[in-house]
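Below is a structure I'd like to ask you about.
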Amino acid sequence: MSEMPSVSFVSLGCPKNLVDSEKMLGLLAEAGCAIVGDGSGLGDVLIVNTCGFLSASRDEAVGILQEAAEHKRNGDIQRIVAAGCLVQRDGQGLMKDVPEIDALVGVHNRSDIVRAVTGRKRNELGSSGGADDSVLFLGEYHASSWTEANRSDQTRLRLTPAHYAYLRMSEGCNQKCTFCTIPSIRGPMHCKGVDEIMAEANELIADGAVEINLIGQDTTSYGQDIGYDAGLSGLLKTLNTLDGAHWIRLMYAYPSDFTDEMIDAIAACEKVAKYIDIPLQHISDRMLKAMYRRVTRNETEKLLTKLRERIPGVSIRTTFISGFPGESQADHEELRKFIRDFGFDMLGVFPYSNEPGTPAHRMKNHLPPELIDERVDELMLTQQDVAFEMAAARKGKNFDVMIDDYGEGGVYPARHEGQAPEVDSVVYVEGGEYDPGDIVTVRCTGHRDYDLLAKPVDAGLPILQ
């Protein structure tokens, strides 16, 4: 291409993938590419940053790439670039489903995105096979991939609203959960240094973020690979000194590595949200052992008790997997009773996904999909009862919320400290005039299913009965 092309971008998957998308967009903008936003038509090049974690996410990505292929055949776009986890997982095998793809960029080589967008097209290589085609797959993992240039997420073009952002503390994972594909896709755990994280946090705050959401495949293991003995607790205390941050939120906290020092730091640091996202996956000891979670039910219950006793007002979010190979009806009922009795503030349930290449894929006694779906529904209905009771109990209580968007009809979507963006319920604030990122004290007037209804305390509220 004689001139720098315009680019359209589709970002799929989790917040960690979103950070990759934002970094790639920043690199493309710095290189002179025009970024085409929603509603502005298609650019010369369409990039799809894929998720490859589950088979359902693979199907979604392939479907979008096939739609892009149709646009390419119609002349609407000139080039298709596939990036991200599915590229890292499938390599050039992805091109069997979508042969119109022109370039592949794996998760460890984001900086190759500019070359993938501006370099030679496949039909200009003079070969449909052999060594030349190796330029298409730009993502093989090797130790030198985690260089400062490739791990830095600074100078991003953010896709989140201005008032909140995701900050990736680390890449990869050293846990060996038998159902998970992440270590094979993202590699072993590599942490950023504290100075790097602080520099990125300050940049995000300067860009308007007042909420920093800490992410990584396993945030409680932070610092282990770089010899940072203070670990997550030390990082949280340092982040607590940030000027301009209102909430610093911890996501993806692995339960077996959660220490007393981490609990104390969350309790003591006023800017650290009293919110913990701790994926537990199951509670039956049989299933925890089969999943290789390195934690027992008794240890899990002791940790959850500590969190509630030592962090006043803490909100706990978790996720479970239903239908893991060999899960008995007794295992399922044990999990359902645990969900009902403990009372998680937020909870999600995933149906087990049989992923090739994982130890669980080779296990016996896989459950039929219809039984898995039935169990997922039962668990979510159990949580629904818990959530509705907790929502009703908030009526008449005052709390602060962060406005998330401009209101429609005088009603503003917002979140309190115990609600993370995009994954949790919300608070609908009626009355007043606000901008995204504003902090407002409200009183809860009721709830609509999972979501809370509220009005500003300075709006002359009636006394609730």
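The values are calculated or read from the model by the stated rules, or taken from the named source; none is laboratory data. What you see is a predicted model, and the numbers here were worked out from it, not measured in a lab. With ideal geometry, Cβ positions are generated from the backbone for all residues, glycine too; neighbour counts draw on all protein chains shown.
Among the strands (runs of 3 or more DSSP E) confined wholly to the range 23-123, which include 3 or more residues that are of a type in the set (Gly, Ala, Ser) and buried (at least 18 other Cβ atoms within 10 Å of the Cβ)?
The qualifying strands (runs of 3 or more DSSP E) are 79-84.
Being touching a Gly at 6+ places or on another chain (Cβ under 8 Å) and not in a loop (DSSP other than H, G, I, E, B): is that true of Val349 here?
no
Among the residues of the range 313-342 satisfying the criterion of being of a type outside the set (Asp, Glu), modelled with pLDDT of 95 or more and part of a loop (DSSP other than H, G, I, E, B), which is farthest from Val376 (Cα to Cα)?
Step by step, filter the range 313-342, then rank; the result is Val314.
Given the criteria modelled with pLDDT of 90 or more, among the hydrophobic types (A, V, I, L, M, F, W, C) and either over 30 Å from Phe320 (Cα atoms) or not assigned by TED's automatic domain parsing to the domain that holds Val62 (or both), does Ala131 qualify?
Criteria not met by Ala131.
So Val376 passes all but one of these: (1) in contact with a helix residue (DSSP H, G or I) (Cβ under 9 Å, 6 or more places away or on another chain); (2) surrounded by 18 or more Cβ atoms within 10 Å (Cβ to Cβ). Which condition number does it fail?
Result: Val376 fails condition (1) only.
Tell me the strands (runs of 3 or more DSSP E) entirely within the range 376-465 that contain at least 3 residues that are modelled with pLDDT of 95 or more, out of contact with any Leu (no Cβ under 7 Å at 6 or more places or on another chain) and more than 23 Å from Leu347 (Cα to Cα).
439-448
Right, Glu196: under 20 Å from Leu27 (Cα atoms), outside the structural domain of Val19 (by TED's automatic domain parsing), touching a residue at least 12 places away in the same chain (Cβ under 8 Å) and surrounded by fewer than 19 Cβ atoms within 10 Å (Cβ to Cβ) or not?
It is true that Glu196 is under 20 Å from Leu27 (Cα atoms), outside the structural domain of Val19 (by TED's automatic domain parsing), touching a residue at least 12 places away in the same chain (Cβ under 8 Å) and surrounded by fewer than 19 Cβ atoms within 10 Å (Cβ to Cβ).
Give the residues of the range 223-252 that are surrounded by 17 or more Cβ atoms within 10 Å (Cβ to Cβ), of a type in the set (Gly, Ala, Ser) and at positive phi, sorted by residue number.
Gly223, Gly231
State the number of residues belonging to the range 356-373 that are crowded, with 19+ Cβ neighbours inside 10 Å and either part of a helix (DSSP H, G or I) or among the acidic types (Asp, Glu) (or both).
Selection size over the range 356-373: 2.
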